[in-house]
Each structure stands twice: as structure tokens, then as C-alpha cells.
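Quick notes on the structure that follows.
The values are calculated or read from the model by the stated rules, or taken from the named source; none is laboratory data. Source: prediction; values computed, not measured. Positions of Cβ are backbone-derived with ideal geometry, glycine not excepted, and every protein chain shown enters the neighbour counts. Calculation scope for accessible area: heavy atoms of the full protein, side chains included, ligands and nucleic acids excluded. Shrake-Rupley method; radii C 1.70, N 1.55, O 1.52, S 1.80 Å.
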Amino acid sequence: MAQAKKGIGLTTQIFIGLILGIIFGYVFPSYGEQLKPVGDMFIRMIKMIVVPLIFSSLVMGIAGTGDFKKLGRLGAKAIIWFEIATTMALIVGLCVVNVLKPGVGVAISTIDASSAAAAAKKSIDMMQMVVNIVPTNVIDAMGRGDMLQIVFFSTFFGVAAAAMGPSGEPVVKLAHSVAEIMFKFTWYVMKLAPIGVFALISFTVGKFGLAMLIPLAKLIVSLYLALIIFVLVVLVGASVVVGVNFFHLLRALKEPILIAFSTASSEAALPIAMEKLEKFGVPKHIVTFVMPTGYTFNLDGSTLYSALAVVFIAQVYGVPFDLSQQIMMLFTLMLSTKGIAAVPGASLIVIAGTAASFGLPLEGIGIILGVDRILDMARTACNLIGNCVATVVVARWEKEMPDDVLKVAYAQSYED
């Protein structure tokens, strides 16, 4: 009996939505702009999944194992890898911007001074960021989607549930049921992904147009090239060291990567990325701990972009910015970018604050704003890939993802 033909896969549908959205936004820009509410609704549907999924999965994972020493070891290893990866991202960004010099020769006639001034007025207080890890009101934290506060509360809640023994078992079982329901919920929402992607890309192209890419094409190419170098050198290198085939992992993550790229939203891709990592063989308690934590401490793409953008501004205005100053800037960004996910528009705030501290014209941010959406798409996809690799690295480091599990995962990546 002949096997039934398999329909078009979700990844292909999303890609088709992406291409059609570009065409539609270019041909019918006014109609493309009007599709923004459709795209926003899709993003909101994804975001409403994140908080209950993270809370239930983390409680289930911690209370299920009850091994608190293991949890501490897991956190320490994750932080070590986050620091290595983000430092390498900064170095790659600096190398590429100094070699390609994308800011040299850029006209400064189209500056959005008001946006630059608004970004300059804001700042990220590192000490306050540390204090803010502890929520005063967990409901408020969940309402705002503050991932680090949610992880902090969920971790303590899971530890307390495990310490309760039999009395805590009903709560753990409830968390398990909620987690399974939210994964099913994700499956339903992802059926709408091609429509959401089409709407978001149509809006982006319709509002900003493709002509905006020409004056700053060198900046766009520089960032995309830097991100590719980072992925090939750092992330592929890390995968080789821990004995994981990076390209099999990439194949397994194709759907969340496309979602991250087309929506420029890390949160939009988080639930399906977590699901794909579990299917790839990463234990649930590692996925639910490392991924949300990484979205605060391990935004490789955003970190790389911050270094590249600051030097780009110096090049645009012809301000001397020697190696010693760039090294100092690197150390500054190593700290300031750790809070980059907790503040809306934080990339521009970090860039503005760093540029100001080194005496660079803040108006340069207005130049970047014209193509920020295009840049954001790439760095968001890199953020996602970096956190997924971090999760796999920690799982292998903890010896909780043996080779036989990897072989099954490799085979599964071709079937999906």
C-alpha cells in the first residue's frame, strides 16, 4: 500500500510566509503596514504561553529531582559558559567592525535626534539590576514577563515543594500537567505561525521599505557576517568540544530559528525552542533552567551588536577610537549587556550609555534606527541559537545527554 504523501511542513510554510510577506509589503506598502495588528496578535499569543510554561516546567524539574547540589552545579556551569560566549561575541564584533569599517563614508543627513535623545536619557544600573532579580510581587513579575524574576521564584518554589515530600506531590503533579498542556497549546499556536510571520514581515517592509537598506548596506553586511563568524567559530567549536553535531542541532531547531528571525522576538521562539530541545534529548530540568536564564545573561547576538554599533558610531563621525579605548569598552559591555533583556529597547540604551561614556556623539544612534529592525532579526536568531547551544553544552557537561541519546536525536532531526 502506497504511503500517504506528507504535506508541506511547518518550517516550509513559515519560510513561504516570510517570502510572500516581503513581496506583499514591497508591492502594497500601505496594506502591509495595516497588517501590524495581525502580527502583534500572533506575538501576544506566543508570549502568553511563556510564563506558565517556564513556571510549571521549572517546578516540575526541580521538585522531581530534589537534588539541590545538582541545581547549584548546573547554575554555575551555565554562568561560566554564558560569560565565555558573550566575551567571544564582543571580540568577534570588535574584529569585524575594525576590519570592514562600515561607518566610514556614511552620510549623517538622516538622524532621528529625538529617538537618540530618548535613549540617552535612560541607563542601566547594574546594582539595581542585581537587586531586581528578587521579585517583590511574583504576579507583577509574571505580568511583565520578567524572566529572571520568574526563574528566581520558580526555583525557590520548586525547592520548597521538594522539601515538603508527599505533601508537595499534588503541586508537582499539577505542574507536570500544566507543562504538558502548555506544550500542546504551543502546537496549536504554531499552526498560525505562517500567517503571523507574513503579517510582521509585510508591516516591516511596507513601513520602512527596501530602499532604506542601501545607504547602510555595509553595516548590515558587517553585522550579519560577524554573527555568522561567531556561530561558525564559537558555537560550532563548542559543539565539537562537547561531541555534538551542530548542524543536526540546527536542523532540529529550524522552526524556532525562523520564528525568531522573522518576528525579531526572542520570547516568540522560546516555547517551541524548549520543546525542540527536549525532543533532541536534553533533559527537561536543564532546558527549563538554562534557556530562561540565558535570555538574560547570554544574548550573544545583542552583545556582539552592541560592540559593533559603538565603534560604528565612532567611525561615522571620524572620532579616534583606539585599541585601548575599545578594550575598555569591551569590559564595560561585558557588564552592561547582562541586563540587556530586562529593559525594553535595551540594546539602544546600552549603546547610548556606552557611547556617551566614551565621548561619542549620541546622534549616531539615529542613523542605526533606520535599519534596526533588519539588524534585530539577525541578532535575535543568534540569541536563540546561542542559548540552545548553551543548553546542550551544559547537558553534555553534566553527562545527562549520552551518545546513544544523541544518535536518536540525529535521526529524529531528519524526520521532523
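What is the ratio of the Cα radius of gyration of region 253-322 to 2.2 N^0.38 Å, with N the residue count, to two decimals?
Values: Rg = 16.6 Å, N = 70, 2.2 N^0.38 = 11.1 Å.
Region 253-322 yields a ratio of 1.51.
Which order do peptides 135-144, 286-295, 247-256 fall in by mean Cβ count within 10 Å, highest first?
Top of the packing list down: 286-295, 247-256, 135-144.
Ignoring everything but the protein chains, give the 1.4 Å probe accessible area of W397 in square angstrom, nearest 10.
100
What is the mean projected area of the alpha carbon convex hull for region 178-259, to one decimal in square nanometres? Walk me through the intermediate numbers first.
On the way: hull surface 31.9 nm².
With every direction weighted equally, the projected area is 8.0 nm².
Report the Rg/Rh value for region 216-257, based on alpha-carbon coordinates and the Kirkwood definition of Rh. Before the final figure, lay out the partial values.
Working: Rg = 12.6 Å, Rh = 11.5 Å.
Rounded to two decimals, Rg over Rh is 1.10.
Quick one: accessible area per residue over the chain, 1.4 Å probe, rounded to a whole number of Å²? Working shown, then result.
Values: 18400 Å² over 416 residues.
So the chain comes to 44 Å² accessible per residue, rounded to a whole number.
So how tilted is helix 372-397 from the main axis of the chain? Cα-based, degrees 0 to 90, rounded to 10.
Value to nearest ten degrees: 40.
Could you work out the pair-distance distribution P(r) of region 140-232 from its alpha-carbon pairs, with 5 angstrom bin width and percents rounded to whole numbers?
Using 5 Å bins, I get a P(r) of 2, 10, 8, 10, 13, 13, 12, 11, 8, 6, 4, 2, 1 for region 140-232.
Please build a GNM for the chain, connecting alpha carbons under 10 Å apart, and tell me which residue among T380, T87, T263 fluctuates the most.
Result for the chain, Cα springs under 10 Å: T87 fluctuates most.
With the dipole of the chain worked out from charges on the C-beta (+1 for Lys and Arg, -1 for Asp and Glu) around the Cα centre, which of S222, L250, N298 lies farthest toward the positive end?
Toward the positive end, the furthest listed residue is L250.
Using only Cα atoms, find the angle between the long axis of helix 323-336 and the longest principal axis of the chain, and express it within 0 to 90 degrees, rounded to the nearest 10.
40
Springs between alpha-carbon pairs under 10 angstrom, Gaussian network model over the chain: which of I80, I62, I22 fluctuates most?
Judging by the Gaussian network model, the answer is I80.
Provide E363, E278 ordered by accessible surface of protein heavy atoms (probe 1.4 Å), highest first.
In descending accessible area the options line up as E363, E278.
Given the peptides 37-43, 97-103, arrange them by the average over their residues of other C-beta atoms within 10 Å, most packed first. Let's see the in-between values first.
Working: 37-43: 17.1, 97-103: 18.9.
Taking the mean over residues of other Cβ atoms within 10 Å, the ranking is 97-103, 37-43.
What percentage of all Cα-Cα pairs in region 270-309 are separated by more than 11 Å? Don't jump to the answer; show the numbers that get you there.
Numbers: 508 of 780 pairs.
Roughly 65 percent, rounded to a whole number.
Report the per residue volume, in Å³, of the convex hull enclosing the C-alpha atoms of region 228-285. Can you show the working numbers first?
On the way: hull volume 5.3 nm³, N = 58.
Taking the convex hull of the Cα positions in region 228-285, it is 92 Å³ per residue.
Given the chain, report the % of alpha carbon pairs whose separation exceeds 40 Å. Walk me through the numbers before you get to the answer.
Values: 14043 of 86320 pairs.
Percent of Cα pairs beyond 40 Å in the chain: 16.
Using the crude model of +1 on Lys and Arg Cβ and -1 on Asp and Glu Cβ, and no other charge, please compute the dipole size for the chain relative to its Cα centre, in debye to 20. List each step's numbers first, then the result.
On the way: 29 positive and 25 negative charges, 91 e Å.
The dipole of the chain has a size of about 440 debye.
K36 versus D404, label points 7 Å from Cα toward the beta carbon: distance in nm?
Going by the 7 Å Cα→Cβ label model, 5.5 nm.
GNM, the chain, Cα, under 10 Å: largest mean-square fluctuation among V92, V319, V394?
Comparing V92, V319, V394 in the GNM, the peak value goes to V319.
Residue-wise, which Karplus ³J(HN,Hα) couplings in Hz belong to region 193-200, taking 6.51 cos²θ - 1.76 cosθ + 1.60, θ = phi - 60°, and x for glycine or proline?
4, x, 5, x, 5, 4, 5, 5
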